[in-house]
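What follows is a single structure, written as structure tokens, with notes after it.
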Amino acid sequence: VTKWAQVVVSALVVPAVGEVGRRAFGPRVAVGAAAVCALYPDLVWFSVHFWSETLFLALLWWAVAEALRADDEGRTRGAASAGLLWGAAILTRETVLYFTPVVAAWLAWRSPRAGGSRRGALFLLVSLLVVAPWTWRNHEVLGGFVPVSTAGGQNMFQGNCPIPRDETYVMVNAVKGRLEQY
């Protein structure tokens, strides 16, 4: 049952990518983007493995689709839906946490006089409210501010420095304590 649920979640990425393509570039791009997503070997391979990446991709692409819909239609509720999906994506893979203010600013900037600021603020608020209980839990357990996971800092370090990945592990592990490593 779990494997089939994983396959269904993976399949939901295809229409999400198609919807993002349609809203951003039109129907022809939507068909092409969805086809590439459906046939891309890594995504097909991911679909039958119990990995967080599959859930993350579905949540993230649907969050982007909802944010585009909220912008296109001027809907505040769409911004809240996007924030809910985005927050769940953050809890799945922390790396998009740092882009939350960028998406909120984009929503606000697109149409500030037509409620864009309200949509951006709502997106940001809902995203953070989804993450907040886990951040509080981390504060209680680890005794410090850790938004989602103690690996977030290391992932950002690895992705933004010219040092080989194995060396970053050695450097981070030389620091004593999970919170201090973060």
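Do any residues in the range 110-123 that are at negative phi and open to solvent by less than 10 Å² (accessible area, probe 1.4 Å) have Cβ atoms under 6 Å from those of residues that are part of a helix (DSSP H, G or I) and basic (Lys, Arg), where the two are at least six apart or on different chains, and which pairs are they?
Pairs that qualify, where the first residue is at negative phi and open to solvent by less than 10 Å² (accessible area, probe 1.4 Å) and the partner is part of a helix (DSSP H, G or I) and basic (Lys, Arg), are 116/110.
Considering only the range 88-131, state which residues are over 19 Å from residue 76 (Cβ atoms) and in a loop (DSSP other than H, G, I, E, B).
Result: 93, single match.
Suppose we filter the range 152-170 for residues that are touching a Phe, Trp or Tyr at 6+ places or on another chain (Cβ under 8 Å) and hydrophobic (A, V, I, L, M, F, W, C); how many remain?
Matching residues across the range 152-170 total 1.
For the range 92-102, which residues satisfy the criterion of being open to solvent by less than 30 Å² (accessible area, probe 1.4 Å) and either aromatic (Phe, Trp, Tyr) or at pLDDT 95 or above (or both)?
Just the residues of the range 92-102 that are open to solvent by less than 30 Å² (accessible area, probe 1.4 Å), to begin with: 94, 96-97, 100.
If the condition is that a residue be open to solvent by less than 30 Å² (accessible area, probe 1.4 Å) and either aromatic (Phe, Trp, Tyr) or at pLDDT 95 or above (or both), then 100 is the only one that fits.
Restricting attention to the range 68-91, and to residues there that are within 16 Å of residue 128 (Cβ to Cβ) and either in contact (Cβ under 8 Å) with a residue 60 or more places away in the chain or not hydrophobic (A, V, I, L, M, F, W, C) (or both), which single residue is surrounded by the most Cβ atoms within 10 Å (Cβ to Cβ)? Reasoning before the result, please.
So the first thing to find is which residues in the range 68-91 are within 16 Å of residue 128 (Cβ to Cβ), and the list is 79-91.
Those left that are additionally either in contact (Cβ under 8 Å) with a residue 60 or more places away in the chain or not hydrophobic (A, V, I, L, M, F, W, C) (or both): 81, 83, 87.
Values: 81: 21, 83: 30, 87: 25.
This residue is 83.
For the range 132-156, enumerate the residues that are open to solvent by less than 70 Å² (accessible area, probe 1.4 Å), of a type in the set (A, V, I, L, M, F, W, C), assigned to a helix (DSSP H, G or I) and in contact (Cβ under 8 Å) with a residue 12 or more places away in the chain.
142
Could you tell me whether residue 174 is among the aliphatic types (A, V, I, L, M) and loosely packed, with under 11 Cβ neighbours inside 10 Å?
Taking the combined requirement at face value, the residue satisfies it.
The values are calculated or read from the model by the stated rules, or taken from the named source; none is laboratory data. A quick note: this is a predicted structure, and the numbers were derived from the prediction, not measured. Note that each Cβ is placed from the backbone with ideal geometry, even for glycine, and that neighbours are counted across all protein chains shown. These accessible areas exclude ligands, DNA and RNA; they are computed on the full protein's heavy atoms, side chains included. Shrake-Rupley method; radii C 1.70, N 1.55, O 1.52, S 1.80 Å.
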